[in-house]
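Each remark here refers to the structure printed beneath this line.
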Amino acid sequence: MIKICYVVTIPLTIESFFIPQLQYLAANGFDVTVVCSNDSNLQEKLGESIRFYPIDIPRGISVGGSIYALKALTYFFKKEKFDLIQYSTPNAAFYSSIAAKKADCKVRNYHLMGLRYLGASGMGRTILKVIERIACHNSTSIECVSKSNMEMGIKEGLFPKEKVTVVWNGSTGGVDLSRFDFSKRQQWRMEIRKELGYSSSDFVYGFVGRITKDKGIDELLFAFLELNDNSKLLLVGDIEKDNHLDVELLAKAQQNSNIKFHSFVSDIERYYAAIDVLVLPSYREGFGNVVIEAGAVGTPAIVTDIPGPTDTIDREKTALVVPVKNPNTLAESLMKIRERDYVNMGENAAQFAKEMFDSKVLCQKILERKETLLGLQ
């Protein structure tokens, strides 16, 4: 039986993106192992057909943690003799690519979910870029999560174009159309709006994700406050401890009755249905799964013109695109989309998500890709 191993830093990454494809690979004859930091519930979520082996991989810079992770990964890889090792997230990729090469694994596949160094500056940016270069150099193949990130990686000299690809249309796991079900839009919309105190006629902008500076939250709050009308803004996600947001702007937003901050929820599909437009004004993204998830339930978007999110949309038909870090243009687009047939844009988004990012189709494409890498085709 062909043995493959997926490595990430934290269990949440596996839970959020990889479980359907891991289960699909296991159901199609692969011996599948997952490596990440320990979690008491992950094995149950993975199911009996997938093995979970915990190894702590440091997220930041840690000399002791780095030495431990390298030793533990190298020992485990040599012991298990995997046919293919795939790693995602920068630190997991850095340590795993070195360990997998030491263990003489023939197929070392880097699933590159985004370029972290783009959000850094100075020496930090240089170090993060070197880490990416090493991980890419040690890998025998690279799969970028989006075409625009692949093009940027080639342009930045991280990897040659012969070494890299995008599986199908990109994204890590696609969108589960049975969960993000367009046919339930109106039902969910009424339920959530009633819970949140919105009327059926309220126009609601929404944001889903980490409440932090590099997600463009300062620009979003500024732009929304500029509207100064009766529209609503719903932000679903946790405010990060080190968010680096404009303190005065955040305080002003928290006191505004038209702005709601809501902690993260497990049934996010119902909240996507409750909003009229998703706004993702990020500075950097690997892909932008929230856009295709919202689109699947019929919600159009406004996104920044950066690698990743621009791959999740059909410009002007399913979303509007604005320059990054430009609150005035964002404010104009918040007004502009209301003058469009945004309901039709949402219907277009649902069809686009179905045609381009169906998780069932992507799982099959991922299986075919693994077979190609392993010489089984």
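Just so it is clear, none of the values below were taken in a lab; they were calculated from the coordinates. Small disclaimer: the values here were computed from a predicted structure and weren't measured. Positions of Cβ are generated from backbone atoms using ideal geometry, with glycine treated the same way; all protein chains shown enter the neighbour counts.
In table form, for the structure just shown:
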quantity: Two-site FRET efficiency, Ile61 against Leu227, from Cβ-Cβ distance with R₀ of 56 Å, rounded to 0.05; calculated: 0.85
quantity: Listed pairs Lys71/Lys161; Lys241/Lys365; Lys161/Lys370 exceeding 27 Å between Cα atoms; calculated: Lys71/Lys161; Lys241/Lys365
quantity: Value of [θ]222 nm, deg cm²/dmol, for the chain, DSSP H segments ≥ 4, -39500 (n - 2.57) each, nearest 500; calculated: -13000 deg cm²/dmol
quantity: Gain upon complete extension [Ser16, Ser178; 0.36 nm per residue less C-alpha separation]; calculated: 56.7 nm
quantity: Segment 182-357: relative contact order as a whole-number percent, Cα under 8 Å and 6+ apart; calculated: 24 percent
quantity: Backbone N under 15 Å from the Glu368 label point (7 Å along Cα→Cβ), restricted to segment 20-64; calculated: none
quantity: Net dipole in debye of segment 182-357 [+1 Lys, Arg Cβ; -1 Asp, Glu Cβ; about Cα centre; nearest 20]; calculated: 340 debye
quantity: Cut-off of 10 Å, at most 11 other beta carbons, DSSP loop: longest stretch of the chain lacking such trypsin sites (Lys or Arg not before Pro); calculated: 82-240
quantity: Computed over the chain: relative contact order in percent, which uses C-alpha pairs under 8 Å that are six or more apart; calculated: 14 percent
quantity: Segment 218-307, relative contact order in percent, only Cα pairs under 8 angstrom and at least six apart counted; calculated: 27 percent
quantity: Spacing of the two label points (7 Å from each Cα toward its C-beta) at Ser40 and Gln254, in nm; calculated: 3.1 nm
quantity: Pairwise label distance in nanometres, Val361 with Tyr283, each label 7 Å out on the Cα-Cβ vector; calculated: 3.5 nm
quantity: At q = 0.08, 0.09, 0.10, 0.17 Å⁻¹, base-10 log of I(q)/I(0) for segment 237-377 (Debye sum, equal scatterers on each alpha carbon); calculated: -0.27, -0.34, -0.41, -1.04
quantity: FRET efficiency estimate (nearest 0.05) - Cβ-Cβ, Lys71 to Lys106, R0 22 angstrom; calculated: 0.50
